[in-house]
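Comments concern the structure below.
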Amino acid sequence: MTCDLMFVGHVSIDQVENPQGVKVQPGGAALYAAMAAKTLLKRITLVSAVGKDYKFADVFSPFNSKHVRTFNKPSTEFSIKYNERGDAQYLKTDIGAGSKITASSIPTKLFAANSIVHVSPMTPTKVAKIFERVRRDSPKTRISINTWIDYIKKSRRTRTILTNLALNADFFILNETEAKALAQTDSISTALRLLKAKMLIITLGELGAIIKGEDIGIQMIPALNVPLKNVVDTTGAGDTWCGAFLAAYKQTEDLMKSVTIASVISSIKCSGWGFKKLIKLRFKKPNDVIEYVIGLKEGALQKRILDYG
């Protein structure tokens, strides 16, 4: 059975502390992205690695997760503390079983001609090897790459690897801070000029995204303002954005609509701890996401939940 979207990367145990409280919950960039994509698509494959200590295995049930392997070592763990402004401080980063994810972990036999694989933040040398494997085994599969600020800051070598990947990947997704760090500049406009990619996507949080492509030039796509009262947990918001964007683009090939849908689903995710708000959320088609927001705006929250839950 082929897959529409495949997500490769870390699944973790997260301890999250913010002004709303403290939670220990399942996390990891690949899991957040896959959970977001599942709100729009059915054939989602997750490729990762966990330890025997992983106690949240039930979260894998919505996916083809037979490629999430279990190893006799501790699971990947992150401890993250947010201040009142929402700035994150990583108190603990232990990759653990995540180190077992390699290029050979990728089940390339599952790719169809129109499949997309998204490689979540991992060591750039590993990401490069995964990219090479997918390109060799399935040349028509589109590849999306997302990275993390700490990998960008690590060394000039890692930045060189990432800039080379940006040139060759079909989608290269960064947030504003990461884009400026990769381009070694304090200006987002300078970063846009310096960074070369087939399709560069720079996310701007509540403002939307800037997209730069070989065929489309530079476009600024505003986010849709989602009328949610409370932000509870922003952990994984960027990864959720990536998964929702790719799922919407897979269905529509429409950049503006895909950015809009990604901003909506990322906002919904942030209204609860972890991906609690996404687990039962399902949309039959991308346009239903816009109807969901209209329902929230008109005070029909209960109706929307019954329709889409």
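The values are calculated or read from the model by the stated rules, or taken from the named source; none is laboratory data. Small disclaimer: the values here were computed from a predicted structure and weren't measured. Reconstructed Cβ throughout: ideal geometry from the backbone, glycine too, with neighbour counts over all protein chains shown.
Tabulated data
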{"quantity": "From the options LYS277, LYS250, residue that is among the basic types (Lys, Arg), out of contact with any Phe, Trp or Tyr (no Cβ under 8 Å at 6 or more places or on another chain) and at pLDDT 95 or above", "calculated": "LYS250"}
{"quantity": "Single residue of the range 81-120 satisfying the filter (among the β-branched types (Val, Ile, Thr) and part of a strand (DSSP E or B)) that is surrounded by the fewest Cβ atoms within 10 Å (Cβ to Cβ)", "calculated": "THR93"}
{"quantity": "Strands (runs of 3 or more DSSP E) contained entirely in the range 1-80, each with at least 3 residues that are surrounded by fewer than 20 Cβ atoms within 10 Å (Cβ to Cβ)", "calculated": "21-27, 68-71"}
{"quantity": "Among the residues listed as SER65, SER75, the single one being under 20 Å from PHE275 (Cβ atoms), of a type in the set (Ser, Thr, Tyr) and under 19 Å from the mean Cα position of the chain (by Cα)", "calculated": "SER65"}
{"quantity": "Answer residue from the range 84-98, given it is over 14 Å from ASP150 (Cβ atoms) and free of Cβ contacts under 8 Å to residues at least 24 places away in the same chain and is farthest from the chain's Cα centre (by Cα) among those", "calculated": "ARG85"}
{"quantity": "Unmet requirement for ALA166, which otherwise passes all of (1) part of a helix (DSSP H, G or I); (2) over 19 Å from the mean Cα position of the chain (by Cα)", "calculated": "(2)"}
{"quantity": "Only listed residue being closer than 19 Å to HIS10 by Cβ and among the acidic types (Asp, Glu), chosen from ASP170, ASP186, ASP150, ASP137", "calculated": "ASP150"}
{"quantity": "ASP233 being out of contact with any Pro (no Cβ under 8 Å at 6 or more places or on another chain), crowded, with 21+ Cβ neighbours inside 10 Å and either part of a loop (DSSP other than H, G, I, E, B) or touching a residue at least 60 places away in the same chain (Cβ under 8 Å) (or both)", "calculated": "yes"}
{"quantity": "Some residue of the range 75-83 being acidic (Asp, Glu) and touching a residue at least 40 places away in the same chain (Cβ under 8 Å)", "calculated": "yes"}
{"quantity": "Number of positions in the range 157-207 that are among the polar types (S, T, N, Q) and buried (at least 16 other Cβ atoms within 10 Å of the Cβ)", "calculated": "5"}
